[in-house]
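Notes follow once the structure below has been shown.
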Amino acid sequence: MITIQGKGVSTGVALGPLYFYQRAKSTVSRYTVTDTDAEWARFKAAQEKAIVELGELAEKARAEAGDEAAMLFETHAMMAEDLDYEETIQNAITENKLNAEAAVSDTAAQFAEMFASMDDAYFQARAADVKDVSGRILGILTGAVQGGVDSPVPVILAADDLAPSETVQLDKSKILGFITEGGSGSSHTAILARTMGIPAIIGVGGALKPEMAGHEVIIDGSNGNILVDADEAARTKMLQKMEEQKKMQALLDELKGKPNVTKDGQSVRIYCNIGSPDDVAAVLKNDAGGVGLFRSEFLYLNCDDYPDEEYQFEAYKKALSDMGGREVVIRTLDIGADKQIGYFNLPNEENPALGNRALRICLNRPEIFHTQIRALYRASAFGKLSIMFPMVTSVWEVREAKKMCERVKKELTAEGIPFDNDVEVGIMIETPAAAIISDRLAKEVDFFSCGTNDLTQYTLACDRQNNDLGRFFNPHHPAVLRLLKMVCDNAHKNGIWVGICGELGADLALTETFLSIGIDELSVSPRSVLPLRQKVRETDVRVVREKALADLMGDANTEI
């Protein structure tokens, strides 16, 4: 038995074979072939396999989300066997004697450029489709693993770390838990694990060796403990812990349908953070009141080119429709810093966390912002939508963003396209600047939502992605908590509600503090909903308020 110690960032015990994440090749090989018939046969075999895969995906989408969702894959299947597309690849192989990978890559670039240059929006959108189809065929030709996991059974997935674009493409049904060499508690791997409700451990360094692949691993996300080939005694102990967790979950399930009300009658909304419409199922399963943070950037991370209005509209529409009238707060595009997307062509920055990111990109590139806002307002006709702008530091930024909303509403009215004219517009409080001028910002919006991961980072000058700074990154720091109280006070003075959508919202050690300062909404991972509800229902704010506020303000002799 081998014991490895990491840092647990998503609780729970999982047991399964160890599997190392496989990345697709980033470059396409290019060489001259002598047997063009054999090379053409290679392409045809890959093409046929791609068409079968797309057909299976279409049926899966139809069963889970209806005909509209299936249509995308059906369109891709037709494109894969388009005669012009196929003929261009054939000419590249037979006449230019190119290998199949290079022929597909060149044809994809040629067709994408042709579609993108057309005036019709429908054909412009086909540029992304041809890239996606070609990428699938290339993956088959090169033996790349779609989604990074090629296993017939669910696995414990190990990686150095996973980029946001990689996490969004994972086949979630194949993953029992995560282990990463690096990362942090607020990394996207950790956030994904908490959303999925599975254990995750980070910071194991090089302790996992390639020869361990396939060996049975047991991980405990509560304490960061990893057992490779556990002996019988240790295995039995961990299996007992798994059973205890199942029993605890059964007790928590009894809280479904119960109100989030303290013993003294104070209510708080408990919502969920999600990254895609597919996560709505977990929101409903765990009986959350709504979605407090839909990270829309994952739609962009899942595309090889800018997602068009229709693509975004369908995603937002599905989330809103599936939530059945419960509120869905969708955050506008939040990329930059740790979330980089190649096709945005953002310049390298020495400190991207303080650079061109989130709302700054949207205001600097209004054509991207306009497309998203149109998709959002169109989707608002299908549910209860709220829109939220990230990375705000000034009043003028909020006013500029609101101008885009007004422009879109006028356009949709003129075009006769239905939308909800009463969509609430809010901002994230995740910079000290926004917190300090929250009295002024509150006059501009309908709500605040505090992003405590970034608020902690900027307040403490401590990189949230740097695992070496673990003990310095302290979300419980009085400076962070005092800013939250200031924001809450200013929100309520101006008649707007305030929530927390950062990871701190699920920290049960702070629930009493949040209730005491009057937080109206806590948005957490789906798995955290019922434990948080239990904590709320056990709390009497009248009893804890004085101590909670005293702790928040801090004693002069208290160590910080």
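The values are calculated or read from the model by the stated rules, or taken from the named source; none is laboratory data. These numbers come from a predicted model, not from an experiment. When we count neighbours, we look across all protein chains shown, and the Cβ atoms used for this are built from the backbone with ideal geometry, even at glycine.
Kindly indicate whether T3 is exposed (fewer than 15 other Cβ atoms within 10 Å of the Cβ) and in a strand (DSSP E or B).
It is true that T3 is exposed (fewer than 15 other Cβ atoms within 10 Å of the Cβ) and in a strand (DSSP E or B).
Condition check: more than 20 Å from the chain's Cα centre (by Cα), among the hydroxyl-bearing types (S, T, Y) and surrounded by 22 or more Cβ atoms within 10 Å (Cβ to Cβ). Does S394 satisfy that?
no
Filtered by the rule that a residue be at pLDDT below 95, assigned to a loop (DSSP other than H, G, I, E, B) and out of contact with any Ser or Thr (no Cβ under 9 Å at 6 or more places or on another chain), the stretch 288-311 gives C303, D304, D305. Restricting attention to the stretch 312-341, the residues being in a loop (DSSP other than H, G, I, E, B) and not β-branched (V, I, T) number 9. Checking every residue in the stretch 233-247 against the condition of being crowded, with 20+ Cβ neighbours inside 10 Å, within 29 Å of I274 (Cβ to Cβ), touching a residue at least 60 places away in the same chain (Cβ under 8 Å) and touching a strand residue (DSSP E or B) at 6+ places or on another chain (Cβ under 8 Å) gives zero matches.
Scanning the stretch 355-413 for residues that are without any contact (Cβ under 8 Å) to a residue 12 or more places away in the chain and part of a loop (DSSP other than H, G, I, E, B) returns a single hit, R365.
Quick check on T431: is it farther than 18 Å from E400 by Cα, buried (at least 24 other Cβ atoms within 10 Å of the Cβ) and either out of contact with any strand residue (DSSP E or B) (no Cβ under 7 Å at 6 or more places or on another chain) or among the hydroxyl-bearing types (S, T, Y) (or both)?
Criteria not met by T431.
For first residues located in the stretch 200-220 and under 12 Å from G177 (Cβ atoms), partners that are part of a loop (DSSP other than H, G, I, E, B) and of a type in the set (A, V, I, L, M) and lie 6+ apart or on another chain with Cβ distances below 8 Å form the pairs I218/A230. Residues in the stretch 259-276 that are under 29 Å from R542 (Cβ atoms) and outside any loop (DSSP other than H, G, I, E, B): V261, S267, R269, I270, Y271, C272.
Put simply, of A127, A108 the only residue that is outside the structural domain of R295 (by TED's automatic domain parsing), of a type in the set (G, A, S), at pLDDT 85 or above and in a helix (DSSP H, G or I) is A108. Looking at the structure I just gave you, is L98 at pLDDT 90 or above, closer than 30 Å to A190 by Cα and either of a type outside the set (V, I, T) or not assigned by TED's automatic domain parsing to the domain that holds K237 (or both)? Taking the combined requirement at face value, the residue does not satisfy it.
Within the stretch 1-15, being among the β-branched types (V, I, T), within 15 Å of A158 (Cβ to Cβ) and out of contact with any helix residue (DSSP H, G or I) (no Cβ under 6 Å at 6 or more places or on another chain) holds for I2, I4. Screening the candidates E503, E512 for the property of being surrounded by 23 or more Cβ atoms within 10 Å (Cβ to Cβ), within 19 Å of L552 (Cβ to Cβ) and not hydroxyl-bearing (S, T, Y) yields one hit, E503. Scanning the stretch 403-422 for residues that are buried (at least 17 other Cβ atoms within 10 Å of the Cβ) and farther than 24 Å from S321 by Cβ turns up at least one hit. Residue selection: V283 satisfies the criterion of being under 26 Å from F514 (Cβ atoms), within 17 Å of the chain's Cα centre (by Cα) and among the β-branched types (V, I, T). Of all residues in the stretch 252-266, those that are within 11 Å of K535 (Cα to Cα) have Cβ atoms under 7 Å from Cβ atoms of residues that are assigned to a loop (DSSP other than H, G, I, E, B) and charged (D, E, K, R), 6 or more apart or on another chain, in T262/D540; K263/D540. Restricting to the stretch 414-425, count the residues that are among the hydrophobic types (A, V, I, L, M, F, W, C) and either more than 17 Å from E444 (Cβ to Cβ) or without any contact (Cβ under 8 Å) to a residue 12 or more places away in the chain (or both). So the answer is 3. Of the residues making up the stretch 145-159, none is in a helix (DSSP H, G or I), at pLDDT 75 or above, hydrophobic (A, V, I, L, M, F, W, C) and in contact with a helix residue (DSSP H, G or I) (Cβ under 7 Å, 6 or more places away or on another chain).
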